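K.L.:
One structure, pasted below without further comment.
The values are calculated or read from the model by the stated rules, or taken from the named source; none is laboratory data. Keep in mind that what you see is a predicted model, and the values were worked out from it rather than measured. Cβ atoms come from the backbone with ideal geometry, glycine included; neighbour counts cover every protein chain shown.
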Amino acid sequence: MEDAIPPNNPEVGLSPSKSPHPSLCRDQRWLLLAAAAVSSSCGLAVELLLGTLASYLVGNQALAYGVSVGVFLAAMGIGSYLSRFIAVNTSSQFLQRQLLLTFVKIELLIAPLTAVLPLGLFALFVSNGSIWLGLFFVTIVLGILAGLEVPLLTRILELEEGVREALAGVLALDYVGALLGSLAFPVLLLPLIGMFPTAFVLGALPAFMVGAIGWRFPKLRFWGRIGLLTGVLLCGLAPLSVPLSNALENTLYNAPVITRIQTPYQRIVLTRQANDVRLFLNGDLQFSTLDEYRYHEALVHPAMSASTGKRQVLVLGAGDGMALREVLKWPEVERVVLIDLDAAVVNLARHHPQLVQVNGKAFADPRVEVVFADAFVSAPALNETFDVIIADFPDPDQEILAKLYAEGFYRRLLSRLTDTGVLVTQASSPFFAPKVLSCIAATLADVGLSVHPYVVDVPSFGPWGFVLASRQSIQSDSLKLSVPTRFLTQPMLHTLFQLPGDVKLGNVEVNRLSHPVIVRYQSDPRWAAY
């Protein structure tokens with residue numbers, strides 16, 4: 001076998017007279033331990049990448065990560081079991097080189113599959129294929145191959161130093177690699193180079209590791225050259241994955257995409273068709289400039305009208321600046337604090353010409369203070385109280401978002417509301433998710449607030465719900481609209497809280513941090529018709 005390590009090779013240590021297999025020198029041993037770290041780091045990062053991609057495509061984050069991580073780990077177990085059938089009948093003299101050669105070939109198979117399978121999964125979604133079946137297949141294939149790595153490396157090293165030392169060394173580096181992968185993906189790779197280039201980079205790493213092994217094990221230099229060539233090729237192709245994925249992504253929207261931004265938190269897409277500019281976060285429509293004023297006027301002005309004081313306003317979410325624009329119409333406002341998790345959304349709203357025009361340069365107003373933080377943690381921790389609190393969070397279709405509609409959050413947020421203050425939150429579609437509005441109202445009532453749900457029609461969304469809440473009951477006939485609006489009128493304010501006949505309240509549980517029932521309510525099958 002031309003590519004095998006010769007049993008008498010003086011470059012690898014002891015002679016056969018002292019051992020039935022060639023020995024590893026210190027550098028070779030550490031190289032194999034480094035391979036364990038690289039393999040684990042790439043495997044963990046791939047799990048996170050697949051979970052992120054699937055949650056972006058289908059929206060159910062918990063299920064997406066559950067399938068990607070759970071199936072991947074189960075497949076690794078299968079791969080670990082299958083490793084027992086590798087090099088079973090190989091003589092001890094050639095066992096080490098056979099195991100090492102098998103490991104190298106597995107890494108060369110993992111490399112291109114890691115790069116192209118996530119892109120294939122995206123293409124499957126775009127072509128209306130079964131995303132869950134595709135995710136299962138991808139995780140099974142990559143998981144089985146990843147599961148072969150640690151057992152093979154352990155068997156190679158145990159020939160030198162025994163099972164205890166080999167297993168301890170491999171597992172130690174394996175866990176360290178997992179930590180590096182789990183941090184590198186969300187902190188560096190995803191926000192800096194994007195999802196699909198990240199897949200190519202992760203695929204290149206095991207290929208480069210094969211190149212290093214080929215350099216240090218002379219009889220594997222042929223495979224090392226293949227590994228080096230594969231790694232360079234994948235790195236070279238990584239930038240090309242961007243226009244390809246963009247072309248696939250374009251088919252998901254009914255208008256040309258003019259801006260794409262991938263942040264650690266979400267995928268931001270801006271489209272434009274004539275005068276209609278639309279913002280999408282992780283594929284979900286946030287607004288259309290044709291009718292966004294209906295939504296934002298309905299969100300802001302009933303609360304501002306109901307508040308006896310309007311000097312201090314807290315806005316949660318709403319990084320696009322549209323709600324801010326409506327708040328700033330009230331001359332009584334002295335200060336507005338806006339808390340948004342993702343600085344990229346605010347920066348887009350501050351600088352993109354179309355958005356700046358629509359939000360009326362709201363962020364340039366000296367009364368505005370922007371805080372980039374998680375509202376769940378930072379809002380209740382503020383030192384001051386506010387006359388009006390406006391919550392414009394994404395729909396609660398994931399557990400990570402459900403906490404922003406939870407009883408525990410509202411109870412803590414209550415300390416930031418003045419005694420006569422008013423809180424308002426968007427409450428999803430009362431038609432497509434009829435129990436969400438009721439759940440939010442019940443949850444706010446559970447913390448001792450008087451709740452007043454209402455519904456308006458927004459053409460881009462259909463009927464849309466909101467919940468107004470305060471410590472005192474609000475009389476709609478006393479509300480006064482003293483600022484210019486395009487949609488909301490004074491007579492509408494007086495009838496706003498008369499719900500349509502097909503919007504029914506009750507028969508829901510309170511949404512709690514320990515039991516986020518609102519996710520189930522948001523996932524109503526009626527959404528399939530939207």
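K.L.:
So, in the range 405-433, of the ones that are assigned to a helix (DSSP H, G or I) and hydrophobic (A, V, I, L, M, F, W, C), which residue ends up farthest from the chain's Cα centre (by Cα)?
P.N.:
Per the stated criteria, the residue is LEU414.
K.L.:
Can you say whether PHE137 is surrounded by fewer than 18 Cβ atoms within 10 Å (Cβ to Cβ) and modelled with pLDDT of 90 or more, as far as the supplied structure shows? Step through it out loud before you land on a result.
P.N.:
Working: surrounded by fewer than 18 Cβ atoms within 10 Å (Cβ to Cβ): yes; modelled with pLDDT of 90 or more: yes.
Here the answer is yes, as PHE137 does meet what is asked.
Yes/no per residue for (1) acidic (Asp, Glu); (2) without any contact (Cβ under 8 Å) to a residue 40 or more places away in the chain; (3) touching a Leu at 6+ places or on another chain (Cβ under 6 Å):
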| position | (1), (2), (3) |
| --- | --- |
| LEU73 | no, no, no |
| ILE86 | no, no, no |
| ASN89 | no, yes, no |
| LEU99 | no, no, yes |
| LEU108 | no, no, no |
| LEU119 | no, no, no |
| LEU135 | no, no, no |
| ILE140 | no, no, no |
| ILE144 | no, no, no |
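K.L.:
Within the group ALA442, ALA391, which residue is out of contact with any strand residue (DSSP E or B) (no Cβ under 6 Å at 6 or more places or on another chain) and either assigned by TED's automatic domain parsing to the domain that holds PRO516 or among the β-branched types (Val, Ile, Thr) (or both)?
P.N.:
Details: ALA391 fails: out of contact with any strand residue (DSSP E or B) (no Cβ under 6 Å at 6 or more places or on another chain).
After applying the criteria, what remains is ALA442.
K.L.:
Also: If the requirement is being buried (at least 21 other Cβ atoms within 10 Å of the Cβ), closer than 23 Å to SER523 by Cα and of a type outside the set (Lys, Arg), which of these qualifies: ASP392, ASP457, ASP387?
P.N.:
ASP392
K.L.:
Specify the residue that is surrounded by the fewest Cβ atoms within 10 Å (Cβ to Cβ); the eligible residues are those in the range 264-316 that are within 27 Å of ALA469 (Cβ to Cβ) and of a type in the set (Lys, Arg).
P.N.:
It comes out as ARG311.
K.L.:
For the range 76-95, give me the residue count where each residue is surrounded by 13 or more Cβ atoms within 10 Å (Cβ to Cβ), outside any helix (DSSP H, G or I) and modelled with pLDDT under 90.
P.N.:
2
K.L.:
Take the conditions under 32 Å from the mean Cα position of the chain (by Cα), β-branched (Val, Ile, Thr) and more than 30 Å from LEU248 (Cα to Cα) and apply them to VAL201. Does it pass?
P.N.:
Details: under 32 Å from the mean Cα position of the chain (by Cα): yes; β-branched (Val, Ile, Thr): yes; more than 30 Å from LEU248 (Cα to Cα): no.
In short, no.
K.L.:
Restricting attention to the range 200-245, report how many residues are within 16 Å of LEU32 (Cβ to Cβ) and of a type outside the set (A, V, I, L, M).
P.N.:
Just the residues of the range 200-245 that are within 16 Å of LEU32 (Cβ to Cβ), to begin with: 205-206, 208-220, 223-224, 227.
Those left that are additionally of a type outside the set (A, V, I, L, M): 206, 208, 211, 214-219, 223-224, 227.
Counting residues in the range 200-245 that are within 16 Å of LEU32 (Cβ to Cβ) and of a type outside the set (A, V, I, L, M) gives 12.
K.L.:
Oh, and also: Any residue in the range 148-160 that's on the phi > 0 side of the Ramachandran plot: show its pairings with residues that are among the β-branched types (Val, Ile, Thr) at Cβ separation under 7 Å, as long as the two are six or more apart or on different chains.
P.N.:
none
K.L.:
As an exercise: evaluate VAL370 against (1) without any contact (Cβ under 8 Å) to a residue 40 or more places away in the chain; (2) in a helix (DSSP H, G or I); (3) more than 23 Å from SER482 (Cα to Cα) and give the number of the one condition it does not meet.
P.N.:
Answer for VAL370: the failing condition is (2).
K.L.:
Between a first residue in the range 481-502 that is farther than 13 Å from VAL300 by Cα and a second residue that is in a loop (DSSP other than H, G, I, E, B), which pairs have beta carbons less than 6 Å apart while being 6 or more apart in sequence or on different chains?
P.N.:
Listed by first residue and then by second, the contacts come to GLN490/LEU481.
K.L.:
Show the residue pairs meeting these rules: Cβ distance below 6 Å; 6+ apart or different chains; first residue within the range 458-479 and farther than 19 Å from ARG411 by Cα; second residue among the charged types (D, E, K, R).
P.N.:
Qualifying pairs under 6 Å: VAL458/ASP291; VAL458/ARG294; PRO459/ASP291; SER460/ASP291; PRO463/ASP457.
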